[in-house]
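Everything on this sheet refers to the single structure shown next.
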Amino acid sequence: MATLAGDNYRLRLALRYAVLILIAIIFIFPLIFMIVSSLKPDVQLLQDTSSLRAFLPVGDISFDNYKNASERAPIGLFMFNSVLVTGITVLLSLFFCSLAAFSFTFLSWRGREVQLSIIIATLIIPFETIAIPMLLLVSKLPWLSMGGVEWGWLNSYHVQIIPFIADGLTIFLFVQYFKDLPKELIEAARVEGASWWQIYRSIIIPLSGPVIATAAILKFLAMYNQYLWPIMVTQEEQYRPVLVGLQYFFQLNTAWGEVMAYLTLITLPVLAFYLVLQRSFIASIASTGVKG
Amino acid sequence: MANQGSRLTRQNLHGWLFALPGFGLMVMFVVIPFIFAIVFSLTNQRLISPNPTEFIGVENYSNLLGLGGLVIEPIKDDEGRWVLDSKGEYKYPRTRKFTRNNPDHPDIQGMKEWFSWQWDHKKVVVLASDPVFMKALVNTLTFVAVVAPIQSLIALCLALLINQRLRGINIFRTIYFMPVVVSIVVVSLLWRFIYDGQNGLLNSVLASLTFNHFEPVDWLGNPDTALGSIMVMSIWQAVGFHMVIWLSGLQTISPTLYEAAKIEGASSWQTFRYVTWPGLRNTAILVGIVITMQAFALFAQIDVMTNGGPLDSTQTIVFQAVERGYGKQDISGGSTLSVVLFVIVLSISLLQRFLTREKN
């Protein structure tokens, strides 16, 4: 009897794993296809899609696609642009959004509720719906003029950074987190004569590790994967991020092996980043849901 | 008293100062563009135009939303008999005869045929001022209506699966979430290989499963399957995100409740129905709202995979807004679409809030 129950248990366990593995295959196969295909010449790549060979690094395997792709487009420049724009936006966003949220949560001042409700209300405006008026806005905005040369907003780094520094979601996440911090800490510091800036800098921020990680990861994903806005505002190669760089690979005859190599190059850093920090990634998404 | 007053003023000053950069940027880059969208939608603004911009009231909206109907009698010959074509079907006068400069039908002036069907011997034609917009509207609503519930449900099933205590479960969780971190543009390009009409991976799999009895389908090139294919891919890409939100909801449910259910001898379905589901109420509301809003913003998949085709079967509101506002530099037309989308999203989120309100 005991062995029978044991067998039954083992069978059910095996079944559970079988289901989990089957689903895992569904989620991972396009990525394996991407990496494997990036190593194959075009003819073989297109032939292999009709069999399981599409997922196996077999046949004529080489890094030629990577070499050709890097000759076709300035990949290093695009990567640099993406990392620069994403990095600066994330840092500035963390600072200005947490500072605003600090003010909304801990300071009492006239107009606070109104400002906060406006910010929360913007959460339901999809970015795509304001992208076009925003394009017109930035095309009219002055930036700097020096020595008779006028610098505008189109074709620049700042046009990809400044509009995305403050966003409703990041401010909202910080406000939610700050609300749960003990108020006594702040009152005690006020009694001892600390300024609001000191309280923000030396008490609140050191306590905010988890929410900073959450906000940083969500912002990082959103910025690195930006598509519509950079297409509209970067006509010049010099400022283009990685996803806009894709256009270089879709000309008269698309070389699919090179496309796969490029996709692999721009995706692997994010995947690596995710695999290293996967606990924080998942915790950060989860924390947006805890409050409801 | 004086001291109190000055302290409050100083708090006012600091409050303003700290909030100003964040709030100012949001006003500049969210609120003002949004107000611009509303204003432009009432004008004939274009990106570059030799003519000055004029206020034209709600004309953009009537050009977009105008609907009309028409019942057309078959053509009769001189003796009053219906004329049949070579296939034995009735012949109808062209719709254009009624909608172009026809003094008897001023209300449908300039409209085009959206769709039609036969009713007895008559032909019923539904007309729209902008049939492409109407198709985009219907496609977007279909996409939301299909993707939102299915994606929520699959995400919940995955969360329940991942919430088991098994060795190595973290590896599976990591894999299921992986598509979320990959750009939707990259994902859409990869899935073009899956959906390809000739050597596509999907066709190959279906052919080998049915021992070559399956006729290859050009999934993205066929108006009947294109939108469905994009739905499947979109669910695949985003479901991990919502799985994690469900998972966090599941983990807030106290283990003692499960123990109690076990002692009472509840079946797994009963445990889910009376312990798990009630504990997920708030999570369900959140998942519902987030998925709905993401689904309404459907754009990149269309741009990379189909460009709205074939035969407008994958047009969406956002894709049309971008195509008109940016592609055709018709700022007012694109803005009008944006405002219409915003009104729809707003009404749906108010409706969701009303339906899920706390009942006292």
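Report the residue count in the range A:61-87 for those that are within 14 Å of chain B (Cβ to nearest Cβ) and within 17 Å of A:ALA215 (Cα to Cα). Final tally of qualifying residues: 1. Answer yes if at least one residue in the range A:124-131 is acidic (Asp, Glu) and facing chain B (nearest Cβ under 9 Å), and no otherwise. Yes: one or more hits. In the range B:149-195, which residue that is more than 8 Å from chain A (Cβ to nearest Cβ) and small (Gly, Ala, Ser) is surrounded by the fewest Cβ atoms within 10 Å (Cβ to Cβ)? Restricting to residues being more than 8 Å from chain A (Cβ to nearest Cβ) and small (Gly, Ala, Ser), the top hit is B:GLY168. Against the list (1) of a type in the set (S, T, N, Q); (2) within 30 Å of A:PRO126 (Cβ to Cβ); (3) part of a helix (DSSP H, G or I), the condition A:SER202 fails is (2).
Yes/no matrix, rows are residues, columns are (1) in a helix (DSSP H, G or I); (2) within 18 Å of A:PHE78 (Cβ to Cβ):
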position	(1), (2)
A:TRP197	yes, no
A:ALA213	yes, no
A:ILE231	yes, yes
A:GLN235	no, yes
A:GLN238	yes, yes
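Inspection of the range B:40-61 finds a residue satisfying the criterion of being under 30 Å from A:ILE171 (Cβ atoms) and either at pLDDT 80 or above or β-branched (Val, Ile, Thr) (or both).
Table: residues versus (1) within 12 Å of chain A (Cβ to nearest Cβ); (2) in a loop (DSSP other than H, G, I, E, B); (3) touching a residue at least 40 places away in the same chain (Cβ under 8 Å); (4) out of contact with any Pro (no Cβ under 8 Å at 6 or more places or on another chain).
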site: B:THR256; (1), (2), (3), (4): no, no, no, yes
site: B:ALA260; (1), (2), (3), (4): no, no, no, yes
site: B:THR283; (1), (2), (3), (4): yes, no, no, yes
site: B:LEU286; (1), (2), (3), (4): yes, no, yes, yes
site: B:GLN294; (1), (2), (3), (4): yes, no, yes, yes
site: B:ILE302; (1), (2), (3), (4): yes, no, yes, yes
site: B:SER335; (1), (2), (3), (4): yes, no, yes, no
site: B:LEU351; (1), (2), (3), (4): no, no, no, yes
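Within the range A:240-256, which residues are at pLDDT 90 or above and either farther than 21 Å from B:GLY327 by Cβ or touching a strand residue (DSSP E or B) at 6+ places or on another chain (Cβ under 6 Å) (or both)? Matches in the range A:240-256: A:VAL242 only. Mind listing whichever residues of the range B:164-200 are touching a residue at least 40 places away in the same chain (Cβ under 8 Å) and at positive phi? Residues satisfying the conditions do not exist here.
Is it the case that the range B:249-265 has a residue that's of a type outside the set (Val, Ile, Thr) and buried (at least 20 other Cβ atoms within 10 Å of the Cβ)? Within the range B:249-265 (the criterion being of a type outside the set (Val, Ile, Thr) and buried (at least 20 other Cβ atoms within 10 Å of the Cβ)), the answer is yes, since at least one residue qualifies. Just the residues that are farther than 17 Å from A:ILE130 by Cβ and part of a helix (DSSP H, G or I), please, taken from the range B:310-326. Within the range B:310-326, no residue meets the criteria. Of the set (1) part of a helix (DSSP H, G or I); (2) assigned by TED's automatic domain parsing to the domain that holds A:ILE266; (3) crowded, with 16+ Cβ neighbours inside 10 Å, all apply to A:SER50 but (1). Taken over the range A:109-132, the criterion of being of a type outside the set (Val, Ile, Thr), farther than 19 Å from A:GLY168 by Cα and crowded, with 20+ Cβ neighbours inside 10 Å is satisfied by A:TRP109 alone.
Note on the range A:92-108: among residues that are crowded, with 18+ Cβ neighbours inside 10 Å and within 7 Å of chain B (Cβ to nearest Cβ), the one that is farthest from A:ILE231 (Cα to Cα) is A:LEU107. Scanning the range A:137-168 for residues that are farther than 22 Å from A:GLU237 by Cβ, assigned to a helix (DSSP H, G or I) and at pLDDT 85 or above yields a total of 2. Listed by first and then second residue, the pairs with beta-carbon distance under 6 Å, at least 6 apart or on different chains, first residue in the range A:23-34 and more than 7 Å from chain B (Cβ to nearest Cβ), second part of a helix (DSSP H, G or I) and modelled with pLDDT under 95, are A:ILE32/A:PHE55.
Residues in the range B:90-103 include at least one that is in a loop (DSSP other than H, G, I, E, B), in contact with a Lys or Arg (Cβ under 6 Å, 6 or more places away or on another chain) and surrounded by 12 or more Cβ atoms within 10 Å (Cβ to Cβ). If the condition is being within 28 Å of the chain's Cα centre (by Cα), β-branched (Val, Ile, Thr) and over 20 Å from B:GLN329 (Cα atoms), then the range B:21-76 contributes B:VAL27, B:VAL30, B:VAL31.
In the range A:36-45, the residue that is farthest from the other protein chains (Cβ to nearest Cβ) out of those that are in contact (Cβ under 8 Å) with a residue 12 or more places away in the chain and surrounded by fewer than 18 Cβ atoms within 10 Å (Cβ to Cβ) is A:PRO41.
The values are calculated or read from the model by the stated rules, or taken from the named source; none is laboratory data. Treat the numbers as computed from the prediction; the structure is a model and nothing was measured. Every residue, glycine among them, receives a Cβ derived from its backbone with ideal geometry; neighbour counts consider all protein chains shown.
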